[in-house]
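The values are calculated or read from the model by the stated rules, or taken from the named source; none is laboratory data. Just so it is clear, the structure is predicted and the values come from calculations on it, not from any experiment. Don't worry about glycine lacking a Cβ; one is built from the backbone with ideal geometry, like all the others, and counts go over all protein chains shown. Note: accessible area is taken over every heavy atom of the protein model, side chains too, but ligands, DNA and RNA are not part of it. Shrake-Rupley method; radii C 1.70, N 1.55, O 1.52, S 1.80 Å.
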Amino acid sequence: MPRPIQATIHPAALRANLERARRAAPDARVWAVVKANAYGHGIERVWGALRGADGIALLDLDEAERVRQLGWRGPILLLEGVFEPRDLELCSRLSLWHAVHCDAQIDWLSAHKTHVPHRVFLKMNSGMNRLGFRPERFRAAWARLSALPQVEEISLMTHFSDADGPRGIAHQLAAFQTATEDLPGERSICNSAALLRHGLQADVRLDWVRAGIALYGGAPDHPQRTASDWGLQPAMTLASRLIGVQQLSEGETVGYGSRFAAPGAMAIGVVACGYADGYPRHAPTGTPVLVDGVRTRVVGRVSMDMLAVDLTPVPDAAIGSEVTLWGRGPGGAVLPVDEVAEAAGTIGYELMCAVAPRVPVAVEPD
Ligand SMILES: Cc1ncc(COP(=O)(O)O)c(C=O)c1O
């Protein structure tokens, strides 16, 4: 029998979250962001549920090929553009739209031989200082691109650094709007946080929104708002079972480094899940977990293949009891991945992306 751990993908939740994203910007078209293998869910597994999106946005060319092989004929956007000149051949062959964020990419395009002119998304660095042309250089880049026979249409994009936090988007939005005021072309500026928090703002022009984490049921601004505050449903459950139970006396310790000492007599359960499955090793004592749908906590250090949980609130738990690391538990209980991530000092995105290849993944039937 295999280890009892399993991840389950919930297509109905993906579909509902896509609809939720649409409601946040009813006039916009939605890119479903499926980079990093659909945030760890698996492109092929989310495919059926997300094909109602208007476009698919990703980074890796092999992921773009996989999406075309799945039969998607609509727009695909390479969010970082191409990485070397020959990638442009694939863009021509598969009709990939691609971001252009630096002069080198324009040079490569100008040398590219194609009968199929490309649709590009010219990216502005409006303050994140990751990729893109600075506002004062944006117009010159636009002029260069628009003079190229290889380019058919130029859209304009930027990315917000603080859409999920107190600084907000106003400073970057102002930079973007000022520098692009009289330039033609569609705009794409919002990620999930900007979409949910600012999508209905009158001054935000939203031709295309780029929804990532919201589709997978994570709150982009946890803990200010939870996924359920935003009407989002978990699209992934990571579940396992108890494979051992220990009765501890006061003062007895649990796991490597003896990080947890029992304050009194108590039962702990040993779960078939560890950091080699993608569960965060830094999750401290107190990290929430469900046993048989009842909320309890991780105790002691997470080890490679196991972790321990406090069974005090679930006295009937026994070997074989179902453990929900995040997502949906029995009896309608839900443990948001964001809460586990917060306890472990990270974000839900990282936990979803980190589920290890050894974890079997099932897709819930519709
Ligand atoms: C350029 C770009 N757009 C959109 C997204 C989607 O962001 P989120 O998952 O926060 O919606 C990302 C993800 O990091 C991104 O890099």
Residue list for segment 37-74, restricted to those being open to solvent by 10 Å² or more (accessible area, probe 1.4 Å), under 21 Å from L351 (Cβ atoms) and either in contact with a strand residue (DSSP E or B) (Cβ under 8 Å, 6 or more places away or on another chain) or of a type outside the set (D, E, K, R) (or both): N37, Y39, G40, R45, L59
Hits in segment 169-198 - residues which are in a loop (DSSP other than H, G, I, E, B) and open to solvent by 10 Å² or more (accessible area, probe 1.4 Å): E181, D182, L183, P184, G185, E186, N191
Positions within segment 26-36 being away from the ligand (no atom under 12 Å from the Cβ) and touching a strand residue (DSSP E or B) at 6+ places or on another chain (Cβ under 9 Å), in sequence order: A28, R29
Scan of segment 290-331 for residues that are farther than 27 Å from G218 by Cβ and either out of contact with any Lys or Arg (no Cβ under 6 Å at 6 or more places or on another chain) or assigned to a strand (DSSP E or B) (or both), ordered by number: L311, T312, P315, D316, A317, A318, I319
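Rundown of residues vs (1) in contact with a helix residue (DSSP H, G or I) (Cβ under 9 Å, 6 or more places away or on another chain); (2) open to solvent by 50 Å² or more (accessible area, probe 1.4 Å), yes/no style:
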residue	(1), (2)
E84	yes, yes
E89	no, yes
L96	yes, no
D103	yes, yes
V116	yes, yes
Residue ID - farthest from the ligand (Cβ to nearest atom), chosen from residues in segment 332-366 that are under 16 Å from I5 (Cβ atoms) and in a helix (DSSP H, G or I): V340
Filter result (assigned to a strand (DSSP E or B), open to solvent by less than 10 Å² (accessible area, probe 1.4 Å) and over 15 Å from D338 (Cα atoms)) within segment 269-289: G269, V271
Identity of the residue in segment 115-169, modelled with pLDDT under 95 and within 16 Å of R187 (Cβ to Cβ), that ends up nearest to the ligand (Cβ to nearest atom): A163
Filtered residue count, segment 179-198, keeping only those that are away from the ligand (no atom under 12 Å from the Cβ) and at pLDDT below 95: 3
Residue list for segment 14-27, filter: among the aliphatic types (A, V, I, L, M) and either open to solvent by 50 Å² or more (accessible area, probe 1.4 Å) or at pLDDT 95 or above (or both): L14, A16, L18, A21
Hey, R210 part of a strand (DSSP E or B), more than 13 Å from the ligand (Cβ to nearest atom), touching a residue at least 40 places away in the same chain (Cβ under 8 Å) and not aromatic (F, W, Y) or not: no
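Where residues in segment 258-268 are open to solvent by 60 Å² or more (accessible area, probe 1.4 Å) and touching a Gly at 6+ places or on another chain (Cβ under 9 Å), which of them is farthest from E342 (Cα to Cα)?
Ranking the candidates gives P263 first.
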Unique match (being part of a loop (DSSP other than H, G, I, E, B), more than 13 Å from the ligand (Cβ to nearest atom) and of a type outside the set (D, E)) among R45, R3: R3
Segment 238-257: number of residues that are within 14 Å of I5 (Cβ to Cβ) and open to solvent by 10 Å² or more (accessible area, probe 1.4 Å): 3
Selection count, segment 199-227, where residues are open to solvent by 30 Å² or more (accessible area, probe 1.4 Å) and of a type in the set (K, R): 2
Residue within segment 356-364 that is more than 29 Å from A16 (Cα to Cα) and open to solvent by 60 Å² or more (accessible area, probe 1.4 Å) present: no
Leading residue by the ranking (most open to solvent (accessible area, probe 1.4 Å)) among those in segment 1-13 that are hydrophobic (A, V, I, L, M, F, W, C) and under 20 Å from R45 (Cβ atoms): A12
Filter result (of a type outside the set (D, E), open to solvent by less than 60 Å² (accessible area, probe 1.4 Å) and out of contact with any strand residue (DSSP E or B) (no Cβ under 6 Å at 6 or more places or on another chain)) within segment 298-329: V302, S303, A318
